[in-house]
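Each value in this text was obtained by applying a stated rule to the coordinates, not by laboratory testing. Since we're looking at a predicted model, the values are computed, not measured. In this analysis, Cβ positions are derived from the backbone assuming ideal geometry, glycine residues included, and neighbour counts consider all displayed protein chains.
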Amino acid sequence: MRHQWRLLLLRPHHLLRSQLRIAQSSHFQVLSNPNLPPLHSLTSFFHFTAPQPISDSQFKNPTNPIFRSFSSEPALEEKNSDHMVLADIFASDKGFDDIKKDLALSEVVVSHELVLGVLRKLESSPGAAKRFFDWVLESESERLSSKSFNLMLGILGNNGFVKEFWDLVEAMKQRGYGISKGVQNKVLEKFEKDGFGSDVEKLRDVYASGSMDNSVEKVCLRVCKIVRSEVWGDDLERRLQELSVIYSSDMVKMVLQKVGVESMKALMFFRWVEESGLFKHNEQTYNAMARVLGREDCIDRFWKVVDEMRSNGYEMEYETYVKVLGRFCKRKMIKDAVDLYEFAMAGAHKPSVNCCTFLLRKVAVGRQFDMHLFSRVVMIFTESGNVMKNSMLDAVLKSLASVGRFRECNKVLKAMKEGGFAANRHLQSKIVFRLSSSGKKEEASELMENLEKSGSNLDHRTWASFIEGHCVAGDLDKAYDCFQNMVEKEGVSSSGYAFNILVNSYCQKNRAIDACKHLVDLVSVKQLKPWHTTYQELINKLLVQGGFKDALNLLGLMKNQGFPPYVDPFIKFVSKSGTGDDAIAFLKQMTSKRYPATSVFLHMFEAFFKSGRHTEAQNMLSKCPGYIRNHADVLNLFCSSQSRKGASMANVAV
C-alpha cells in the first residue's frame, strides 16, 4: 500500500492502545500545537466516572425535550442571543468593514449551526438574509453547507428574488449541491402563484437533472457502496478515483455518517479523501468524523482526531459534544466524558452550567465514588470563570442520597470549597440534619467542625438542625450533648428554638422527667430562658407521665422568668387525679404571694365538684386559710353542691 497511515489504522485496537501507553505520550501529543500542553498528557489531573437526574436512556434522542433541558436554558438563551446579535448587525445595510467591527465587538463565534439559526430568524427579511449569507460566503465559507445554501435559496425564492435565486442555484452547482425537495416544492408553489411559468419549468428541469444521478445523495450512495464493498486497498481507492466526484463538506459528512457503523472504514475514507488531494477537511467534516469515532471501541482514535481538529484551528460543534457525551455516559465511560468536558470548556463553544451539574451527579452515582474526578470537574468549571451555586450542590447531594452515599458529602463540600464555593446557611442546615438524622454521627460532627474552622458563622438554625437530626435518629443523649456544646459556643440568647426541639423529642419518647431535669439545670447554671410554649408543652407531658412535682417546679421557674401562670392543666389534673394537698401545693406555687386570688380557689373547688370528688374538695377546704373557708361565695358553692348531692341521692333511692 502507498500510505503508511493505513498500517496504523489496520492494527488491532488493543495493540494500538498498548503502543500508545508504552510511548507514554497521549494521542494529543501527536498532532497538537507544541506550544500548548496536550489535554490527555495531563494524566496527573485526570481520573473519573442535567430538577431528578437525567437518565441514560434520554441520550438516545438528542431532540428529546428532556435532553434539551440538559443543555440548559441559559445555554439556549446564549445561542438565541448570538442569533439576535447577528440578525441585528445585518438588519441594516452596512459595509464589510463596519460589519467586521460590529462582529469583533460582539465576540460571536460563527459556526454552521449559528449560520442556520440566523438565516431562519431572517426568513422574513430577505435583504438582511442575503447580506448575511454573502458575508459568510466571503469570510467564513467553510461554515456553509448544502443545507445552508438550500435555506438561503428558499428565502430568495419565496420572497420573489428570482434573479438572485437562479444565481445561487448556479453557485450551488459549482459546489456540487442540489436543490432539496422541500425547497423545490415551496418555490414552485410561489412561482406558479406569481405567474412565472418559464421559471416553473426551468426549476422542474434543474431539479430533475440534479436528482437523477448528480445529487449529493445519489453520489454519496455510490461512494458508500464502493467503500463498504471490500477491504480497503489500492483497488478500492482506484474505484473511488474513477468516480471523479467533486467532494464537498456535505458530501464527506454524508459518507462518514452512512459508513459510520464501520468506523474504521469511515476513518480510512476520511484520511484518504484529504491525502488524495480531493478535499481539505474543515470544521464540519472533522466534527462528523468525531461523532463516528466517539464510542468505546474507537476511543484512542477519537481523541487523536479531535486534538488534530483543534490544532488545525477548528472547534468542536455543540451537536458533536452533546452526542458524544451522551454516548459516553450511556456506556459508563465517565472519565472520557470528563475529558470531553474539559476539551469543550477549553474551546469556543463552552458547555452550559447544567452540563457541569450533570457530570458531578454522574460521578456521584458511579460504580465507585471517584473524589479526584469530582474535584477535577469542579476545577474545570471554576477555572473557566464560573461560580459554583447552591443548586448544584443540592443536586449532587440528592444523587449521593439516591445511592446511599450521603456520608461522602464532607468530601464533596471540601472539593467545592477548593473551587471557591461556600454553602449557604439553609443548605448547611439541610446537610447537617440529613447526616445526623441518618445516624452518621461522626460525619455530622466533622461537618460542624469543618464549618467552624472555615470561618462559617454557624447560626442557631444550623445548630438546631444538628440537634434535631440526632433527635430523629433517636439518640437524645447525643442531642443534649450537642445542645450543651451549642450553648457553650454560642450562648443561650438564641437557643430557645433548639431547646424547644430537644424538649419535644424527650416528651415524645416518654422522657419528660429527664427533659425537666435538663431544663432546671440549664436555667440555674446557664441562665437559659426557654420559650413559654416549651414550658407549657413540658408541663402537659409531665402531668401525663407522673411528674406532678416536677411540673410544679416548672411553674415556679415560669413565675421567676416573668411568664404568666399556666393554670388550666394543673386544675384539670388535680381535680381528676390529685388530692386536696396537691391542690393547696399547686395554689401556693402559682403565685409569688402566699395564696392566689379567691377566684382561683373557687375554680379549683368547682373542678373537684364537677369531677364528683366532694371528699377531696372538703379536704382542700379544711387546709385553706380562714378568709377562704368563711368566704360567702365559697360557702354558697359548698351549700349548693351539698344540695345537688342530696337531691341526686334521693332520686337514686326512689
What lysines sit close enough to LYS398 to cross-link, taking a C-alpha to C-alpha distance under 23 Å and skipping anything fewer than 8 places away on the same chain?
-> LYS330, LYS332, LYS335, LYS362, LYS389, LYS411, LYS414, LYS417, LYS430, LYS440, LYS441
Place the peptides 505-513, 115-123 in order of packing, highest mean first, counting for every residue the other Cβ atoms within 10 Å and averaging per peptide.
-> 115-123, 505-513
Determine the sum of side-chain charges near SER436: Lys and Arg each +1, Asp and Glu each -1, restricted to other residues whose C-beta is under 15 angstrom from that of SER436.
-> -1
Ranked from fewest to most other Cβ atoms within 10 Å of their own Cβ, LEU435, LEU393 fall in the order LEU393, LEU435
Pull out the extension gain between LYS623 and GLU274, defined as 0.36 nm times the separation in residues minus the alpha carbon to alpha carbon distance; nm, one decimal.
-> 114.2 nm
Among 592-604, 264-276, what's the highest-first ranking by average C-beta atoms within 10 angstrom per residue?
-> 264-276, 592-604
What's the FRET efficiency of LYS453 with VAL544 using the Cβ-Cβ distance as r and R₀ = 41 Å, to the nearest 0.05?
-> 0.40
Hey, how many Å between the Cα centroid of region 224-250 and the Cα centroid of region 570-618?
-> 108 Å
Which length gain, in nm to one decimal place, applies between LYS389 and THR598 when the Cα-Cα distance is subtracted from 0.36 nm times their residue separation?
-> 68.8 nm
What's the Cα-based Rg to Rh of region 185-333, Rh via Kirkwood?
-> 1.09
Treat each spin label as a single point 7 Å out from the Cα along the C-beta direction, and report the LYS225 to VAL525 distance in nm.
-> 9.4 nm
Sorted peptide list for 153-163, 185-195, criterion being average Cβ within 10 angstrom, highest first | 153-163, 185-195
Take PHE573, PHE328 and order them by how many other Cβ atoms sit within 10 Å, fewest up front.
-> PHE573, PHE328
Pseudo-spin-label distance GLN508 to GLU140, built 7 Å along Cα→Cβ, given in nm, is 6.1 nm
Calculate the length of the line joining the C-alpha centroid of region 379-408 to that of region 108-141, in whole Å.
-> 39 Å
Between VAL567 and GLU189, what is the label-to-label distance in nm when each label sits 7 Å out along the Cα-to-Cβ direction?
-> 8.8 nm
